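One structure is given below, encoded as structure tokens.
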Amino acid sequence: MFCDQCEQTAKGIGCTVTGVCGKDPQVALIQDQLVYLLRRLSSLVEQASHRIDTTSYDDFIADALFATLTNVNFDPAALRDMQALAFEHCRTLAAQTGETPDDLQQTLDEYLKSLPETVVGLGAFSSNRDADSAMQLLLFGLKGLCAYKDHAARLGQRDAELSKFVRKALIAGSQWDNETRDLGGWLELALECGKANMKAMELLDAGNTGHFGDPEPSKFSLGHRKGKAILISGHDLLDLEELLRQTEGTGINIYTHGEMLPAHGYPKLKAYPHLAGNFGTAWENQQKEFPNFPGPIVMTTNCLQNPKTYADHMFTTQNVGWPGCRHVHGRDFSEVIKMAQEMPGFAEDEPGKEIMTGFGRKTMHDAAPAILEAVGKGQLKHIFLVGGCDGARPSRKYYTEFVEKTPRDTVVLTLACGKFRFYDKDLGMLGSFPRYMDCGQCNDAYTAVKTALALAEALNCTVNDLPLSLIISWYEQKAVAVLLTLLSLGVKNIILGPTLPAFVSPDILKVITEQFGLKLMTTPDEDLKACLERKPEAA
């Protein structure tokens, strides 16, 4: 196997024996084959798109590609089912043309055995390291985009042009691609992926706020209540809502974990009195924290780790899977509820610290005039967006120290699970503003971007002229998609860490560094100094 799509890839080069994430060679091969099948399917859907409604196929493509994202699906049986369905879709579409191509006249096993190793997953590897690197940058950004696209579709939010781009990006570099691209062409397509990801995040924002209400600043507890309990992790708020609905009146309390934490800011979700609080911290700590939870655990999206000692009470949903774990189908949580009633739950109440979340797009938009006034009066000197993925590297203590050292006349916005490095720190207030504001999940980078764009428009300047610095941590492919979005918007001087992606070649890094001023984190003191001393572009 060879996999270098996440930040913790072995030796900073690539996992070749087994994945640091827990992915074994068998699963790695099945996932690569699935990506290749999705390329083939995309070519057929594109051909058919002018004569039939391709929505169901486009939804499947996003869902299946999402399953290959880091820490989503480790179950070879479930992934083979996706392969079979992808191949069936290919044959169905091909048959509608009246002539089935030779490659689709084989069985699925024959088809997979016929694939050259050099084209599995990524398309055709070439002798051009930069072109291959750009193809990986595109593919990994596309995986992140499809995670957001998949969530949006579950909430009824779709866009035909977005689906068309996904097909175009999957076809790119494959044998069904009619275009020839140089390095500039590949990078242009990667930035186009960033623009498309902005649309995907916009759709997801519309789905979440339309269904659950606009997030509002809200407190929630890090403690727990006496009684039966279920823990839900991942990102899928619809799964959480359905679990809350099905447990009403049962005496079971529901606790969020990880990227589910921002659920406490949504009016429709926090209205359930048995949404009791948040348990645990970031995803990489679950093997230490989950064994201490006295009820069943539900994993709804990526961030799944090997449930070594608690597989017997771990459930997965949607496109998540681990061999031996029970899977929830059709959001029927009856088996989870039955197990919760049989397990001990918490023996006593334990009050915990109260934390704030819910600084969503509308809240930040409404606060823009006051923010501008504070900047104009010199009360607010700088805004730091410190967010992104968390991970296990010790060097990530940088983010805790960075936030702790931000001056008192600055504020910190955050999003995604990177917040767990500092989410329980009391930074105090700056006038009427909390100095720490949690904007939500990783997809809520949309909130931060829209806030920055609104401030720039009000000041008649660019985002790069604002007293704003982006300190971004990355781990997996959704972070790649968000980074491409920021670059596509022309955002410069981003500080990225804890390491540079292994799949980015030196020449591509040089282009990104020269055009966008992207920097690798150094020390909190050095980077804070550089951010505060940086002059606006317009100056």
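The values are calculated or read from the model by the stated rules, or taken from the named source; none is laboratory data. Fair warning: this is a prediction, and the values are worked out from it, not measured in the lab. No Cβ is skipped: glycine too gets one built from the backbone with ideal geometry, and neighbour counts run over all protein chains shown. We work out accessible area using only protein heavy atoms, side chains counted, and drop any ligands, DNA or RNA first. Shrake-Rupley method; radii C 1.70, N 1.55, O 1.52, S 1.80 Å.
Once amide H atoms are built 1.01 Å from N in the peptide plane, which residues 5 or more positions from Ala392, or in another chain, come under 5 Å H to H?
none
Compute the Rg/Rh shape ratio of the chain: radius of gyration over Kirkwood radius, all on alpha-carbon atoms. Don't skip to the answer; put the middle values down first.
Working: Rg = 22.9 Å, Rh = 23.9 Å.
Taking Rg over the Kirkwood Rh, I get 0.96.
According to the square roots a ≥ b ≥ c of the eigenvalues of the Cα gyration tensor, what is the shape class of the range 356-424, taking rounded for a/c under 1.5, prolate for a/b larger than b/c otherwise, and oblate for the remainder? Write down the numbers at each step before the final one.
Working: a/c = 3.29, a/b = 1.63, b/c = 2.02.
Here the range 356-424 falls in the oblate category.
Between the alpha-carbon centers of the range 322-346 and the range 35-108, tell me the distance in whole angstrom.
The range 322-346 and the range 35-108 have Cα centres separated by 31 Å.
Just to confirm, what accessible area per residue do you get for the chain at 1.4 Å probe, in whole Å²?
In whole numbers, the chain has 39 Å² accessible per residue.
So what's the projected area for the range 312-365, the Cα convex hull averaged over all directions, in nm²? Can you show the working numbers first?
Details: hull surface 27.8 nm².
Projected area, direction-averaged: 7.0 nm².
For a distance above 22 Å, tell me the whole-number percent of Cα pairs in the range 346-470 that qualify.
36 percent
Taking amide hydrogens as modeled 1.01 Å from N in the peptide plane, which residues meet the under 5 Å criterion relative to Thr70, leaving out close sequence neighbours?
It is Gln477, by chain and number.
If one computes the Cα centroid of the range 135-171 and of the range 185-227, what distance in Å separates the two points?
15 Å
Using the Kirkwood radius over Cα pairs, work out the Stokes-Einstein diffusion coefficient for the range 457-508 at 20 °C and 1.002 mPa s, in µm²/s as a whole number. Intermediate results must be reported in sequence, preceding the final value.
Values: Rh = 12.5 Å.
Result for D is 171 µm²/s.
In deg cm²/dmol and to the nearest 500, what is the mean residue ellipticity at 222 nm of the chain if only DSSP H runs of at least 4 residues count, each as -39500 (n - 2.57), divided by the residue total? Don't skip to the answer; put the middle values down first.
Values: 17 runs with 231 residues, N = 539.
After summing the helix terms and dividing by the residues of the chain, the value is -13500 deg cm²/dmol.
Size of the dipole of the chain about the Cα centre, Lys and Arg at +1 and Asp and Glu at -1 on the beta carbon, nothing else charged, in debye to 20? Write out the running numbers ahead of the final one.
Working: 53 positive and 68 negative charges, 215 e Å.
Approximately 1040 debye in magnitude.
Give the share of C-alpha pairs in each 5 angstrom bin for the range 252-363, from 0 to the last occupied bin, in whole percents, shortest bins first.
In order of increasing distance, the bins hold 2, 10, 20, 24, 23, 13, 7, 2, 0 percent.
Take the Cα pairs of the range 224-314, get the Kirkwood Rh, then feed it into Stokes-Einstein at 10 °C and 1.306 mPa s and tell me D in µm²/s.
On the way: Rh = 13.1 Å.
Rounded to a whole number, D works out at 122 µm²/s.
Could you state the per residue volume, in Å³, of the convex hull enclosing the Cα atoms of the range 1-135? Display every interim value, and only then the final one.
Working: hull volume 16.3 nm³, N = 135.
Measuring per residue, one finds 121 Å³ for the Cα hull of the range 1-135.
Divide, for the range 400-500, the radius of gyration over alpha carbons by 2.2 N^0.38 Å, where N is the residue count.
The value comes to 1.07.
So how exposed is Lys362, as accessible area in Å² (1.4 Å probe, rounded to 10)?
Result for Lys362: roughly 100 Å² accessible.
Which whole-Hz couplings ³J(HN,Hα) result when phi for each residue of the range 6-23 is put into the Karplus expression 6.51 cos²θ - 1.76 cosθ + 1.60, θ = phi - 60°, listed in order with x for Gly and Pro?
10, 5, 9, 4, 4, 6, x, 10, x, 7, 10, 9, 8, x, 4, 6, x, 6
Could you give the size of the charge dipole of the range 237-386 about its Cα centre, using +1 on the Cβ of each K and R and -1 on the Cβ of each D and E, expressed in debye and rounded to the nearest 20?
Value, rounded to 20: 520 debye.
Whole-Hz ³J(HN,Hα) for each residue in the range 246-252, computed from phi via Karplus 6.51 cos²θ - 1.76 cosθ + 1.60 with θ = phi - 60°, x for glycine and proline: what do you get?
Whole-Hz 3J(HN,Hα) from phi for the range 246-252: 6, 9, 4, x, 8, x, 8.
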